[in-house]
1. For the chain, set up a Gaussian network in which alpha carbons nearer than 10 Å are linked by springs, and say which option among 57, 91, 17 fluctuates the most.
2. Return the whole-Å distance between the Cα centroid of segment 46-89 and the Cα centroid of segment 1-20.
3. If you check each cysteine of the chain for another cysteine whose beta-carbon is under 4.7 Å away, which ones come up empty?
4. Summing +1 for each Lys or Arg and -1 for each Asp or Glu, what net charge is found among the other residues whose Cβ lies under 14 Å from the Cβ of residue 11?
5. Counting Lys and Arg as +1 and Asp and Glu as -1, each charge on the Cβ, what is the dipole of the chain about the Cα centre in debye, to the nearest 20?
6. Lys/Arg Cβ at +1, Asp/Glu Cβ at -1, dipole of the chain taken about the Cα centre: which of 36, 88, 99 is farthest positive-ward?
7. From the backbone phi of segment 77-86, what are the Karplus-calculated ³J(HN,Hα) couplings (6.51 cos²θ - 1.76 cosθ + 1.60, θ = phi - 60°) in whole Hz, Gly and Pro given as x?
8. Using a simple charge model, +1 on the beta-carbon of Lys and Arg, -1 on the beta-carbon of Asp and Glu, nothing else, what dipole does segment 30-82 show about its Cα centre, in debye to the nearest 20?
Amino acid sequence: MRTKICFTVLYGEEEYIIQTFQGEYRDLKCLITDRLFTENFGECGGMGRCGTCLVEIEGLKGEAAELKRNESTTLQRVNNKQQTIRLACQIPIDDSLSNQLIRIVENG
C-alpha cells in the first residue's frame, strides 16, 4: 500500500489541500500545473532554467532538499537570496512534502 502525501499549496488568495503519492507525479511543478492550472508556471517544462516555477517551502529533507541541475544558477539569475525559495520542477514528490505549507511565488 502506498502512503499518502498531504500538503497545502497557497496560490494567490486560495489555499489548496493536496493529496498525492510518491511516484504519481515526476515533480512538484508537474503536480501544481496539473492540479491548479496555474498560468505561466514552469514555462521551460521542468529543465530548471526559466525560474517561472518558484515556490517558498521550508524544512525539506533528503533528496528534496538538494539543489539539482540548473537550480542554483537559475535562482541566482532571478536574484533570489532566500534559501526557502526553490524551483518546483526540481523538487521530487516524497515524504518530505508531508504536512508542508508551499506558497507559489508569483512572478512579476
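Throughout, read-outs are computed from the coordinates displayed, never taken from laboratory work. Since we're looking at a predicted model, the values are computed, not measured. Virtual Cβ from ideal backbone geometry, glycine too; neighbours counted across all protein chains shown.
1. Taking springs between Cα atoms under 10 Å, the residue moving most is 17.
2. So the separation of the two Cα centres works out to 19 Å.
3. 6, 30, 53, 89 - these cysteines have no disulfide-compatible partner (Cβ-Cβ under 4.7 Å) in the chain.
4. Values: positive: 29, 35, 103; negative: 13, 14, 15, 34, 39, 56, 106.
Summing Lys/Arg as +1 and Asp/Glu as -1 gives -4.
5. Details: 13 positive and 16 negative charges, 76 e Å.
Taking the Cα centre of the chain as origin, the dipole is about 360 debye.
6. 88
7. Once rounded to whole Hz, the list reads 5, 8, 6, 8, 10, 8, 6, 7, 8, 9.
8. Values: 7 positive and 8 negative charges, 40 e Å.
For segment 30-82, the charge dipole is close to 200 debye.
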